[in-house]
Amino acid sequence: MPKVKTHSASKKRFKVTASGKIKMGHAFRSHRLVSKARKTKKQHRRTKYASTANEATVKVLIPYK
């Protein structure tokens, strides 16, 4: 069977945990932080897990991770 190409943007953004979940960074943390609440900015520091609905799609994009 031929190799499958890994999606370059996805391999930089997602990691697969030992249990098979998709770990990712949180969005909306790069700029215009003055207008965002302190609580929001603090919560966005933490990593996030992709929803179960999107897990299959992401795993297709990063087949060897």
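The values are calculated or read from the model by the stated rules, or taken from the named source; none is laboratory data. For clarity, every value in this text was computed on a predicted model and none was experimentally measured. Quick reminder, even Gly has a Cβ in these numbers, built from the backbone with ideal geometry, and neighbours come from all protein chains shown.
Overview of results
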| read-out | value |
| --- | --- |
| Residue in the range 37-47 that is touching a Gly at 6+ places or on another chain (Cβ under 7 Å) and at negative phi present | yes |
| Close pairs from the range 5-31: first closer than 14 Å to Y64 by Cα, partner at pLDDT below 95 and in a loop (DSSP other than H, G, I, E, B), Cβ under 6 Å, at least 6 apart | V16/K65 |
| Unmet criterion (only one of (1) surrounded by 11 or more Cβ atoms within 10 Å (Cβ to Cβ); (2) part of a loop (DSSP other than H, G, I, E, B); (3) of a type in the set (G, A, S)) for S10 | (2) |
| Test for T57: is it modelled with pLDDT of 95 or more, in a loop (DSSP other than H, G, I, E, B), β-branched (V, I, T) and out of contact with any Lys or Arg (no Cβ under 6 Å at 6 or more places or on another chain) | no |
| Residue list for the range 40-61, restricted to those being of a type in the set (D, E, K, R) and over 12 Å from the mean Cα position of the chain (by Cα) | K41, K42, R45 |
| Residue list for the range 37-53, filter: without any contact (Cβ under 8 Å) to a residue 24 or more places away in the chain and aliphatic (A, V, I, L, M) | A37, A53 |
| Residue list for the range 13-25, restricted to those being within 8 Å of the chain's Cα centre (by Cα) and either assigned to a loop (DSSP other than H, G, I, E, B) or loosely packed, with under 13 Cβ neighbours inside 10 Å (or both) | G25 |
